[in-house]
1. Rounded, prolate or oblate: which fits segment 55-124, taking a ≥ b ≥ c as square roots of the Cα gyration tensor eigenvalues, rounded meaning a/c under 1.5, else prolate when a/b beats b/c?
2. What residues have an amide H closer than 5 Å to that of residue 95, excluding those fewer than 5 places away on the same chain, when H is modeled at 1.01 Å from N in the peptide plane?
3. Taking square-rooted eigenvalues a ≥ b ≥ c of the alpha carbon gyration tensor, is the chain rounded, prolate or oblate, where a/c under 1.5 means rounded and, failing that, a/b exceeding b/c means prolate?
4. Taking 8 Å as the Cα distance limit and 6 or more residues as the minimum spacing, I'd like the relative contact order of the chain as a percentage.
5. Residue by residue, what Karplus-based ³J(HN,Hα) values in Hz, rounded to whole numbers, does segment 339-354 have, using 6.51, -1.76 and 1.60 with θ = phi - 60° and x for Gly and Pro?
6. Can you give the longest stretch of the chain with no exposed loop site, where a site means GluC sites (Glu not before Pro) in a DSSP loop (not H, G, I, E or B) with at most 11 other C-beta atoms within 10 Å?
7. Are any of the pairs 36/210; 149/169; 24/300 more than 23 Å apart by Cα-Cα distance, and if so, which?
8. Please state the relative contact order of segment 274-383 as a whole percent: Cα pairs under 8 Å, 6+ residues apart?
Amino acid sequence: MEVQRQHGENLQKESNHYLSFLDKIFGYTSRGSNMKTEVIGGITTFLTMAYIVFVNPAILSDAGMDKGALITVTILATAIGTLIFAFLGNAPFALAPGMGLNAFFTYSLVIGQGIPWQQALGVVFISGTIFFILAVTGVRKYIADAIPKELSIASAAGIGLFLSFVGLKGMGVIVGDDSTLVALGDLTPTVLISLFGLILMGIFEVKKVKGGILISIVITTILSIFLGYAELPTAIISAPPSIEPVAFKLDIIGALQFSLIGPIFSFMFIDMFDSLAFLISCCKQMGLEDKDGNIKDLSKMLYADVTSTLIGALLGTSTVTTFGESAAGIAAGARTGLASVVTALLFFVTLLFTPLLGIVPTYAASPALVMVGVFMFSSIRQVNFDDSKIAVSAFVTILLMPLTYSISIGLCFGFISYIIMHIVSKESNKISITLWIIGVLSVLNLALS
């Protein structure tokens with residue numbers, strides 16, 4: 001009995017030493033958290049964003065990239081980026097290929113402009129490199145101050161509409177039409193299954209079910225298999241597909257052309273401002289501010305974000321950025337990078353189950369795009385439509401992204417219209433030199449497009 005008691009005490013001491021070691025690294029006690037809360041937060045974040053493993057390969061494979069390799073790359077880029085953020089930024093944020101940016105990559109660049117996906121990866125890498133240089137030199141602050149807040153908000157709403165449009169197309173709900181450009185598609189069995197999945201996601205969102213998008217994708221895939229529209233996997237656990245078909249295939253030299261300045265800037269702009277806005281908002285919520293109201297270690301967080309973008313481009317995926325679903329883990333109480341470590345480890349585990357991931361039909365994953373579009377479009381309520389100068393430029397930005405099938409073009413028209421509206425209103429003094437430069441680049445991009 002005494003031996004067992006002593007053994008139990010030794011185990012407790014080892015456990016306490018381990019917990020103390022983790023606390024020294026991440027400092028969760030000083031932030032009012034504990035190990036259990038951090039683990040729960042990390043699991044929560046994983047459940048809410050795991051759908052990216054299905055959706056990102058479905059989008060990028062439309063660009064002609066190997067879907068199996070993309071599944072592995074998506075998992076690796078997400079896990080590696082999240083680990084980098086955990087130790088460099090020490091905050092409970094996860095990173096993954098950004099929704100909207102992956103659609104921009106495929107449908108605006110590769111399909112829209114007809115450039116090879118290797119060149120598009122080069123564009124992503126260059127945009128990340130410029131972002132990194134701007135962050136290191138401090139120029140990032142001037143650009144951030146120059147971009148009107150309303151246009152940043154409008155761009156998020158416009159990307160939301162764009163994603164929803166792409167999602168409805170992938171579901172088969174809308175199809176091309178010579179007379180009306182788009183029309184309602186035939187209500188085939190797969191379309192009905194897809195609509196069922198979208199309704200499920202809506203119900204789970206109303207009921208605040210954690211991981212509702214992921215659960216819906218799983219249910220619709222199982223339903224597809226049961227009805228004979230998808231096949232069972234040949235195995236449940238296996239080695240993940242090789243990343244060789246897409247890894248290190250980026251064409252940086254080919255991306256160095258004047259006609260791609262607009263897309264390069266757009267990737268950088270969306271990544272930088274989405275990340276900044278999200279990080280600042282969540283960090284303030286967690287109380288990670290100094291006495292002057294500045295976010296502690298914000299620069300390190302941005303370095304983690306942009307470093308992940310560069311690694312993602314090398315591996316073979318579109319821009320890796322801070323994922324909005326991290327807010328779910330924060331809401332569950334996560335306060336440090338330990339939660340991100342948990343999220344990253346769970347993604348590494350999914351590498352063993354790639355046979356299951358590969359059977360998900362596009363129409364089962366596409367409703368997720370519509371739901372993410374709903375979340376992003378909700379930002380529109382922050383735009384002041386009582387001010388005509390703001391209303392016109394914001395509306396043009398939002399409307400033209402889905403209608404031109406290009407995030408870049410929508411942004412360009414938004415910047416140009418914003419400048420014109422202020423000139424007409426005799427308020428050109430409110431336009432900074434940086435914004436004038438952005439306006440000129442926007443005109444050049446449209447001319448070359």
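1. Numbers: a/c = 2.60, a/b = 1.99, b/c = 1.31.
Cα axes put segment 55-124 in the prolate bin.
2. Counting only residues 5 or more places away or on other chains, the set is 82, 323.
3. Details: a/c = 1.75, a/b = 1.23, b/c = 1.42.
Taking the square roots of the gyration eigenvalues as a ≥ b ≥ c, the chain is oblate.
4. Working: 777 pairs, mean separation 154.2, N = 449.
For the chain, the relative contact order is 34 percent.
5. Computed from phi, the couplings for segment 339-354 are 4, 5, 4, 4, 4, 4, 4, 5, 5, 4, 4, 5, 4, 6, 10, 4 Hz.
6. On the way: sites that count: 231, 427.
The longest such stretch corresponds to 1-230.
7. Details: 36/210 18 Å; 149/169 31 Å; 24/300 19 Å.
Going by Cα-Cα distance, 149/169 fall outside the 23 Å limit.
8. Values: 37 pairs, mean separation 18.8, N = 110.
It comes to 17 percent, rounded to a whole number.
Values quoted throughout were computed directly from the atomic coordinates according to the rules given, and no laboratory measurement underlies them. From a predicted model like this one, the values you see are computed outputs, not experimental measurements. Neighbour counts run over all protein chains shown; Cβ positions are idealised from the backbone, glycine included.
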